[in-house]
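Notes to accompany the following structure.
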Amino acid sequence: MRIPSKSIGGLLCAAVCILVASNATALPLNPGFETAGGTANGALNWNTLAATGGTMALVTRTNATPNSGSFDMYMESAGGAGAPNTDLRSDPMAVSFGTSYSFSFMAKNPLKTGGANPQWDLFWLDSLNNPVGAPVFQSFSSVGSSYTLVTNAVTLTPPSASAVKATVGWIQAVGAGSGDHWITQIDDVSFTAVPEPTTVMLVGLGLLGTVAFGRKRKS
């Protein structure tokens, strides 16, 4: 049976797309916080590790002003009675040693009064969820009152073969003064594997092969 050149080209393109997709799978579950969790105002697959201190330390799922969909995560911290601490973290996600990862999310700070340092963080974990290597912390305090895309400014690669999981999240450290009051909102989280150079090369070869085959058939 003779297969038309257009069909072969389509099959090649489909194979390439599947290969790329398999190397760039979105890992966080419930990345837009659309599904409610088991606790009041919580989101499934996300965990509030701290919401203490100050006159206010709040981490809650809200539908007031999401970037997309119907919900986002809202963190509000105010000093005045000690320094508040808020900490939100994802469920552990499977990762592979030797693979690099990209982390991004949409964020805004509609209220920025006094001193604070909102940061995103990443922890590498072993099979028992124990930390492996040093965690990663990056500030995003420059974000303004409109949703802004925040991306990792460092290469995220598991430090050893024992790091088989990762968890991502945010902390908002606000000063203890009565004038220290910050609000941070998070939405549309992405943590994906970065395609390896060999994968990119295969994509290019596949597309070039498709073009060359089509030209040969025409001649």
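Checked across region 157-164, the condition of being part of a strand (DSSP E or B) and modelled with pLDDT of 95 or more holds for no residue.
Tallying residues that are assigned to a loop (DSSP other than H, G, I, E, B) and surrounded by fewer than 17 Cβ atoms within 10 Å (Cβ to Cβ) within region 93-108 yields 5. The residue that is nearest to the chain's Cα centre (by Cα), among those in region 93-135 that are under 24 Å from ASP187 (Cα atoms) and of a type in the set (D, E, K, R), is ASP121.
Only a single criterion out of (1) modelled with pLDDT of 90 or more; (2) more than 23 Å from the chain's Cα centre (by Cα); (3) among the β-branched types (Val, Ile, Thr); (4) more than 29 Å from GLY179 (Cβ to Cβ) is not satisfied by THR52, namely (4). Those residues that are surrounded by fewer than 19 Cβ atoms within 10 Å (Cβ to Cβ), more than 19 Å from PHE33 (Cα to Cα) and over 15 Å from the mean Cα position of the chain (by Cα), I need them from region 136-152; list them, please. SER141, SER142, GLY144, SER145, listed by residue number. Taken over region 132-156, the criterion of being of a type outside the set (Ser, Thr, Tyr), part of a loop (DSSP other than H, G, I, E, B) and touching an Asp or Glu at 6+ places or on another chain (Cβ under 9 Å) is satisfied by VAL132, PRO135.
For region 81-92, the set of residues classified as farther than 15 Å from ASN30 by Cα and surrounded by 17 or more Cβ atoms within 10 Å (Cβ to Cβ) consists of ALA83, PRO84, ASN85, THR86, ASP87, listed by residue number. Of all residues in region 109-131, those being surrounded by fewer than 19 Cβ atoms within 10 Å (Cβ to Cβ) and either aliphatic (A, V, I, L, M) or not in a loop (DSSP other than H, G, I, E, B) (or both) number 9.
The values are calculated or read from the model by the stated rules, or taken from the named source; none is laboratory data. As the structure is a prediction and not an experimental result, all values here were calculated from the model. Methodologically, a virtual Cβ is constructed for each residue, glycine included, from the backbone with ideal geometry; neighbour enumeration extends over all protein chains shown.
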